[in-house]
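For reference, the structure discussed in these notes is given below.
Since every read-out is calculated from the coordinates, none of them should be taken as a lab result. Since this is a predicted model, take the numbers as computed values, not measurements. Neighbour counts are summed over all protein chains in view; Cβ atoms, including those assigned to glycine, are modelled from backbone coordinates with ideal geometry.
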Amino acid sequence: MADPDPQLPPGYTIELFAEQAAVSHEDVIEMWERHGAVGPSVSGRRVHELLLVAISPDGEPASVNTAYLERDPDLLMDLWFIRTFTDRDHRMRNLGLALLLKARDHFDQRFAGGDDTRGSGLGFEIENVGLRVHGDATGYPVGATFVGVNHRGNPLWVRYFPGVLAPGPPA
Amino acid sequence: MSHQDIAPLPAGYRVQLLAGHEAIGPAEVMAFWADHRAMPAGEAVGRVHEVLFVGLDPGDELVAVSTAYLQRSRQMRMTFWYQRVFVAPEHRMGNLAFRLLLAGRDHLRALYESGADRRAAGLMVEVQHRGARAHLVNAVWRSDFTFVGQNHGGDHMRVHYFPGALAPLP
């Protein structure tokens, strides 16, 4: 499946959060809490998982994604899981997808270059009941493959990094 | 991995669908399994109806058999074709087992794409052969079999989805 057009609307940019200065941790926390997306008890920790930020023409955070590493007990592999939140005022602009594609490329490059080989791929867990519609078993959302229902009862898609190896037998 | 990506079969070997084969039928397959003690006779009676492809040597002797059956996967919540391959020990070289696997993949996928048989959304293999598993450790094979976990015996489970297959979300 070909990736959808990831082009950004005019004036928007996507930056690695750690490599930009326009948007601060506090700006992101304010956006999350203003929309009730992430509560105060979680935002202080999650803000340190920020990976990418889409910045609006006004210099405000329009969309962000965070990434965390978690071991899947069925696959016996560590995967990067990505969460994305887009400010309601900036939705319908493909920002979430653009961030996802950038995140995929970022992790691919770091894995291929040996800079970060902790994760074996990207995991996409569909927790939102509203999104639990029939989806392609392959290709969703960025070339990921459906690998089953995970230990939390949620459907899981995985996109392995190129060349990654399957684990050895369980101990 | 396309058929061109793996070494060709040794000269004279070939893989054919059992259905319609003039010289080989269920009786010959049963005898082949029995000769090689591939499985108990009681099991062979049931599995002979699952035979998909056969491998023949240069002398037209039966040297390999693949079978396929439908089974629901609890983990995937989908029904898959499960394929098994048995190759006579003296012919376990030249990728004969893998050729049978790919032939089965292509055959079942064609049936799915044509609408002739859509009972399963893909093909599942459990890689029990230790040599094959050690050799084929990439999470994604070029033949488009993706690692989806291990069974209770520690065998790798890999899935190949047919084009357009849908994941059955709760």
Whole-Hz couplings from phi, Karplus 6.51/-1.76/1.60, listed for segment B:7-24; x for Gly and Pro: 4, x, 5, x, 3, x, 7, 7, 10, 9, 5, 5, 4, x, 5, 6, 9, 10
Would you please state the base-10 log of I(q)/I(0) at q = 0.10, 0.11, 0.13 1/Å for the protein assembly as shown, with intensities from the Debye formula using one equal scatterer on every alpha carbon? -0.69, -0.79, -1.01
Based on the Cβ-Cβ distance from residue A:88 to residue A:20, what FRET efficiency comes out when R0 is 30 Å, to the nearest 0.05? 0.85
How well do other chains shield peptide B:149-162, expressed as the mean number of their Cβ atoms within 10 Å of each residue Cβ? 4
Pairing the Cα long axis of helix A:25-34 with the longest principal axis of chain A, what angle in degrees results, from 0 to 90 and rounded to the nearest 10? 90
Roughly how large, in nm² to one decimal, is the mean projection of the convex hull of the alpha-carbon atoms in chain A? 11.1
For chain B, the dipole about the Cα centre with charges only on Cβ (Lys and Arg +1, Asp and Glu -1), to the nearest 20 debye, works out at 760
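From the helices alone, meaning DSSP H stretches of at least four residues, give me the mean residue ellipticity at 222 nm for chain B, per-run term -39500 (n - 2.57), in deg cm²/dmol to the nearest 500.
Working: 4 runs with 42 residues, N = 170.
That comes out to -7500 deg cm²/dmol.
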Estimated [θ] at 222 nm from DSSP helical runs (n ≥ 4, -39500 (n - 2.57)) normalised by residues in chain A, nearest 500: -6500 deg cm²/dmol
What FRET efficiency comes out for residue A:42 versus residue B:137 if R0 is 41 angstrom and r is the Cβ-Cβ distance? Round to the nearest 0.05. 0.60
Please list, in chain and number order, the residues 5+ apart from residue B:53 or on another chain whose amide H is under 5 Å from its amide H, with Hs placed from the backbone. B:18, B:66
Under 5 Å between amide hydrogens, which residues at least 5 positions from residue B:78 or on another chain qualify, with H placed 1.01 Å from N in the peptide plane? B:73
Modelled FRET efficiency - R0 41 Å, residue B:16 with residue B:118, Cβ distances, 0.05 increments: 0.95
How long is the gain from residue B:90 to residue B:50 if the chain were fully straight, where each residue apart is worth 0.36 nm and the alpha carbon distance is subtracted? 12.0 nm
Around residue B:61, with a cut-off of 12 angstrom between Cβ atoms, what is the net charge of the other residues, counting Lys and Arg +1 and Asp and Glu -1? -4
From the C-alpha coordinates alone, can you work out the Kirkwood hydrodynamic radius of chain B, in Å? 16.7
Where does helix B:96-114 land angle-wise versus the long Cα axis of chain B, in degrees 0 to 90, nearest 10? 50
In terms of the charge dipole of chain A, which places +1 on Lys and Arg and -1 on Asp and Glu at the beta carbon, the residue among A:31, A:148, A:67 farthest towards the positive end is A:148
So how tilted is helix A:95-112 from the main axis of chain A? Cα-based, degrees 0 to 90, rounded to 10. 50
Whole-Hz Karplus couplings 3J(HN,Hα) for segment A:56-66, θ = phi - 60° and coefficients 6.51, -1.76, 1.60, Gly and Pro as x, run 6, x, 8, x, 9, x, 9, 7, 9, 10, 10
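For segment B:1-88, what does the alpha-carbon gyration tensor say about shape, rounded, prolate or oblate, given a ≥ b ≥ c as the root eigenvalues, a/c under 1.5 as rounded, and a/b over b/c as prolate? Numbers along the way, then the final one.
On the way: a/c = 2.08, a/b = 1.19, b/c = 1.75.
It comes out oblate by the Cα gyration axes.
Run the dipole for segment A:13-160 about the Cα centre, Lys and Arg Cβ at +1, Asp and Glu Cβ at -1, nothing else charged, and hand back the magnitude in debye, nearest 20. Could the numbers behind the result be given before it?
Details: 15 positive and 22 negative charges, 85 e Å.
About 400 debye.
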